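Have a look at the structure below before the remarks.
Rule-based calculations on the coordinates, nothing more; no lab input. This is a predicted model, so every value here is computed, not measured. Methodologically, a virtual Cβ is constructed for each residue, glycine included, from the backbone with ideal geometry; neighbour enumeration extends over all protein chains shown.
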Amino acid sequence: RELLINEGLAVAAAQAVVDQRAADFLQAVRTVYGRPLVLTDDARTPAENAATPGAAPESLHLRGTAFDLEPLPDVQSLYRFVQSVAAVAAVWGVTVELGIYRGTNGHIHLGIRFDGEQNRLYTRGDGP
């Protein structure tokens with residue numbers, strides 16, 4: 001589903017833990033990208049994170065500053081999305097974790113870092 005600015009946060013149960021700056025950043029990326037982004041995961045409790053296969057123990061989802069999105073339909077869309085993330089990050093002065101996962105658990109991970117850490121790009125796939 002698309003994160004809309006008038007929606008506030010994507011999941012009512014996560015309202016207390018999603019960082020509003022991160023939600024605003026995601027909306028800015030969506031605006032620059034110009035197409036809907038389908039959100040599949042956002043903030044997690046420690047129990048939810050522990051139950052998520054492959055989740056990092058120090059995941060930005062625990063801080064409420066990470067989102068997982070459905071994969072984009074083609075390489076051109078992915079390229080446009082990455083350009084949008086980079087453009088918004090430069091304006092906002094933040095760094096990002098961008099994970100592109102293909103295969104059975106295909107998704108895009110977008111983590112926003114407000115602490116000045118270095119940008120990170122992850123790719124992983126178990127199939128085409």
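Counting only the Cα atoms, region 36-128 fills a convex hull of 99 Å³ per residue. Computed from label points 7 Å out along Cα-Cβ, the spacing between N119 and T40 is 2.4 nm. Take region 23-74, drop everything but the C-alpha atoms, weight them equally and run the Debye formula without solvent; then report log10 I(q)/I(0) at 0.29 Å⁻¹ to two decimals. For region 23-74, the Cα-only Debye profile gives -1.12. Full extension of the chain between A56 and D24 gives 9.1 nm of extra length, using 0.36 nm per residue less the Cα-Cα distance.
With a Förster radius of 25 Å applied to the C-beta separation of T104 and Q76, the computed FRET efficiency comes to 0.60.
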